[in-house]
Amino acid sequence: MHMWYWFGVDLGSFLFQGYNISTLWGFLATCLGLTALAVLYEAMKISQIHLQQIVIKPVPRTASTSSENLSLLSKVTPKNFRSYTGCGNSSKRTLQVLHWSLHTILGYILMMAVMTYNAYITIALAIGGGLGYWIFGPTLVQLNMQQFQRKQAIVECDKNCEDIFANQQRRESTVSIVAEQLVTEANIEVHIPRDT
């Protein structure tokens, strides 16, 4: 086994015992196959995002967040958290886990191919990864931006909902109500008209 980059066609046993590459045509077919696997690896990134969108249901938005009952915080409780995360739907979740596992295994196979230190195989994988990103990159960037915008909207809603929730809790607390009344009474100035 080589520990430096080398140019050669005779790989011998490649990745799996019994898969011997000793001819130029076998080597070219292997390079084309690895290029296709690198393109597939990039495509699987997009399908993983689509599976996440199917499995995790978005929290329904409300028209107004003026009260605690309509806020985002009141929609997600420990009781219904499983329905929003999709943990209750095991078949979709299982599909997502299987897809992630296949994607990870494919990544390891491609990594092991690079670790043969064959320059031609590394070039084939770089071309496949570049071609895959050229084909699927814009879609991947668009999906990531959509996810970021959704998260940004939730963060902005969380800030508003946090203020609404804090105000609601403050109003419901008897200690704070009494304190508010005391502060209000202490700030009242009594003006009695004088008859002279």
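The values are calculated or read from the model by the stated rules, or taken from the named source; none is laboratory data. Every value quoted in this text rests on a predicted model; they were computed, and no experiment measured them. Each accessible area value is taken on the protein alone, full model and side chains, heavy atoms only, with ligands, DNA and RNA left out. Shrake-Rupley method; radii C 1.70, N 1.55, O 1.52, S 1.80 Å.
Couple of notes before you dig in:
- Built amide H within the under 5 Å cut-off of Ile21, gap 5+: Leu11, Gly12, Ser13, Phe14
- Averaged per residue, segment 86-148 has 61 square angstrom of accessible surface, using a 1.4 angstrom probe with ligands and nucleic acids left out.
- Extension gain from Tyr133 to Ser90, taking 0.36 nm per residue of separation minus the Cα-Cα distance: 12.3 nm
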